[in-house]
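Here's the structure we're looking at; comments come further down.
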Amino acid sequence: MLDELRLIKSKAELALLRKAGKLSALGVIEAMRSTRPGVLEYQLDAAMRYHYLVNGARDAGYHAIIAGGPNAWYGHYSANNCPLRDGDLVLVDGAPDYHYYTSDIGRMWPVNGVYSPVQRELYGFVVEVHKVLLRLIRPGRTDTEIQREAAAEMAHVIENTRFSKAIYAAAARRMLEFPYHMSHPVGMAVHDVGHYRGKALRPGTVLALDPQMWVPEEKRYIRVEDTVAITEDGVENLTADAPLELGDVEALMAQPGLLDRYPALAE
């Protein structure tokens, strides 16, 4: 009973989740600016946590995923101890504990600051699916209905897209069949309690929207994620401050970051 009560957030809870989402996005922005070849994964986590702490958070809301290159394949990768390599993507998923509430965010960006053609092809497709889902989410509809409508819309995109490899086209089609891109509630826990799948979405529901693609032949995993709140007439993206468009990410990465201003001491 308590789990179901926690599913619908009050106005006070939404205010805390809104602040947690802004801090999550601020941390991701700092991580983007601080990414360079040779930087260690956990150093991006450190740059993110700086912004959490100076803005009133107790610390991180959960153990961050900072997965460079092939490490992203391993789902909830947690070692965070590898150097970032030129030519790789890095997956970052981290959020603060702000007055006992957290958030959930995921972005992927190129370590060298410029998406390669393949990275742009695959990550760009996942971003487009994400944007379609954001546009379709509204109260009174089930997650199944929303995902089916998004899949139908993106199927036309696949038909008119020339993928560089057949396995990428197959991965895009499989992605549209995956039923859990609206994955879990978010609140006091990043994987919060309560169940909304298969039910009409109600205002006050806060959930993680994280469309995902797998290319098993090359062990590629692609994901983008935001925390969204169902409103009376649509959806509010609580982590929208973190850039989503690929060109915006590249422009941001050209700026100096916290690790540029305060580099680690030489060993």
key: Lone unmet requirement of (1) under 30 Å from ALA12 (Cα atoms); (2) surrounded by fewer than 21 Cβ atoms within 10 Å (Cβ to Cβ); (3) of a type outside the set (Gly, Ala, Ser) for PRO117   = (1)
task = Determine which member of the set LEU5, LEU23 is modelled with pLDDT of 95 or more and part of a helix (DSSP H, G or I).
result = LEU23
ask   = Got a number for residues in region 239-267 being closer than 19 Å to VAL126 by Cβ, part of a helix (DSSP H, G or I), touching a residue at least 60 places away in the same chain (Cβ under 8 Å) and not hydrophobic (A, V, I, L, M, F, W, C)?
value = 1
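With LEU91, LEU122 as the choices, which residue is outside any helix (DSSP H, G or I), modelled with pLDDT of 95 or more and crowded, with 21+ Cβ neighbours inside 10 Å?
LEU91
From the list ARG33, ARG18, which residue is within 16 Å of SER103 (Cβ to Cβ), of a type in the set (Lys, Arg) and in a helix (DSSP H, G or I)?
None of the other options fit; the residue is ARG18.
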request  = Looking at (1) crowded, with 20+ Cβ neighbours inside 10 Å; (2) over 13 Å from the mean Cα position of the chain (by Cα); (3) under 15 Å from ALA25 (Cβ atoms), find the lone condition where ASP192 falls short.
outcome  = (3)
remark   = Taking region 203-257 and the residues there that are in contact with a His (Cβ under 8 Å, 6 or more places away or on another chain) and over 19 Å from GLU30 (Cβ atoms), the one that is surrounded by the most Cβ atoms within 10 Å (Cβ to Cβ) would be PRO211
ask   = Looking only at region 96-124, which residues are in contact with a strand residue (DSSP E or B) (Cβ under 7 Å, 6 or more places away or on another chain) and either among the β-branched types (Val, Ile, Thr) or over 16 Å from ASP248 (Cα atoms) (or both)?
value = PRO96, ASP97, THR102, SER103, ASP104, ILE105, VAL111, LEU122
inquiry  = Take the conditions within 15 Å of the chain's Cα centre (by Cα) and in a strand (DSSP E or B) and apply them to MET108. Does it pass?
reply    = yes
remark   = Flagged in region 131-150 as surrounded by fewer than 20 Cβ atoms within 10 Å (Cβ to Cβ) and either in contact (Cβ under 8 Å) with a residue 60 or more places away in the chain or within 20 Å of PRO70 (Cβ to Cβ) (or both), in numbering order, are LYS131, LEU134, ARG138, PRO139, GLY140, ARG141
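The values are calculated or read from the model by the stated rules, or taken from the named source; none is laboratory data. These figures come from a predicted structure and were not determined experimentally. With ideal geometry, Cβ positions are generated from the backbone for all residues, glycine too; neighbour counts draw on all protein chains shown.
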